[in-house]
Every structure is written in structure tokens, then in C-alpha cells.
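Okay, structure first, notes after.
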Amino acid sequence: MIKSMTGYGGAKGYSGKTEIAVELKSVNSRYLDCSIKLPRMYTAFEDSLKSAVGKHISRGKVDVYITIDTSKAGDVEIRVNQPLAQAYLSTLKAMSKEYKLLYDLRVIDLVRFPDVLIAEKAETDPEQLCADICAVLEEALSCFDKMRINEGATLYNDIMARLNEIEKLTDQAQEVSPRSVAEYRAKLETRMQEVLQTAGIDEQRILTEAAIFADRVAINEETVRLRSHIAQLRVMLDSNEAVGRKIDFLVQEFNREANTIGSKGNDAEIARITVDMKSEIEKIREQAQNIE
């Protein structure tokens, strides 16, 4: 089933008590253009994140926004600066003895001295954090893919309907083509009778002229190729691969055959059919711009 290039997905998760939020969206692009936006201190994770995105998306301009909130992590540790605390205690005891002062020191008094207590953030495992971010990204990509598949189903139905219409128009053009040859022969006979009047008409000359005209306006080759393109596009639409660029190329072949039919037809009805056909082809081309 085909996928649309446009989509949106989001997910939230945790690495320990660190909250991770991932949001991604994409728009049409000829190639894959992935941009990862995350806090500067985590830029080392960018390659791993792009690799994860590349496994799901092959075409489109993708913006990935990653938010990492450590405010609730509770990863701050308080430790005692033992050498400094011991130095304070030794100095205070010496002062008490030297100046004959009462030595009455409480813990709360000691921690008031500068740098006795040191607040530090606990170290985080960068590999684990990267793995957890990738896990949340995978969940967001899963939501993203569901949206693209749903939109792809709409594109699929629309293009299939237009292919059916092009096939009908191809049948109509092939039915009209022999009639134009018969009409040309009748006009040729009438014209020759008017010119020659009472003189005999060379039937072989008429047959030769009609045969040349029939060969010039024959559209059998074009209709056969057009039906082949229609069948090929139907197979592409049922493929699980990224076929957007292939469809874009094949639609150019549709246009080439339609233009040739229009130029060779030499008939007002075929001209009308060709206009309708090219209108459907153009709508398929526009839809193909949205397919991955």
C-alpha cells in the first residue's frame, strides 16, 4: 500500500525520571531531507536518530522536534566535602582550646560554612538515554506511518478511479479511429467525383490514399502502450515499496502517448477524448507528488 509523504506523529516517554517528548511532521520533497531539533547537549545522538527515521521514511522533508525535561528527574545529589569539614572542625577545636571557649558545635552550624556541602547532578548513562529517545521516536514514527497510510489509501482510490477512466477513454479512442478512416475514404471519393465528374474513378488510387491515411492516423501502438502503462501503474500502487518517483516518471509516458493519439487522430471526437484523457493524467501527476 502506498504512503503519503505528508504526515504528523508524536509520542512521550521516560528515561528514568527524565521526560522525553518527540514530535515529527513531513511535507513533500524530491529526496529525504531530515532535520533533527534537540537540546544542544544531546547533539551527539543526532546520527542515531536520523538512522531511525531513515528506516521508516525514504522521501520527504521531515522535521523532528525532541524535548528532554529533567526538571522532575530528582537526579541532584548532596555530598559532604569531607576534607574541608574536617579542617573546619580541627580549627574550631583548636580555637576553643586556645581561647578557652565553650566548644558547642552542631551539624547545622557546620554546614553553614562555605562549600561544606556540595550539590551535584547524578551522572546519566548517555547510551541508555539515546536508546530511550530512539524508543520514543519509534513510537512517534509508528503514529506517523498510520497517518501516512490512511492518506495513502485516499490517494490510491483516487488514482485507481482515474486509471479506470483513462482506460475507458482509450477504448473510445480506438473505437473512433476506424470510423475516421472510413469518413476520409468517403470524402476522398466525393472529392474525386467532383474533380473528375464524368471520368472514371481509379478505385486503386482511392484504396492507396485511404491506406496511407489509415497508417498515418493509426493509434493501435499508442493504445497498446497506454494500456501497458495503466497495468504497470496499478502494480506500482499495490506495491509496499516507495514508488512515488517511479509513478512520476510513468505519468510522463502517459502524457507522451496521449499527445501522440491526439496528433494522429485527425478527428474532432478523438481530440475531445484526448483532452479528457490528459485532464485525468494531469490529476494523477498532481497526486503522485504526494506519494512517497
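Any read-out appearing in this document is the output of simple, stated calculations on the displayed coordinates, not a laboratory observation. Please read these numbers as outputs of a predicted model, since none were measured by experiment.
Key figures for this structure:
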quantity	calculated
Centroid-to-centroid separation of the stretch 216-292 and the stretch 48-63 [C-alpha atoms, Å]	32
Which listed pairs, of K146/K168; K61/K278; K55/K146; K61/K146; K25/K55, have C-alpha distances above 22 Å, in listed order	K146/K168; K61/K278
Over the stretch 90-155 - Rg/Rh using Cα atoms and the Kirkwood inverse-distance radius	1.66
Per residue, the convex hull volume that the Cα atoms of the stretch 234-292 enclose (Å³)	67
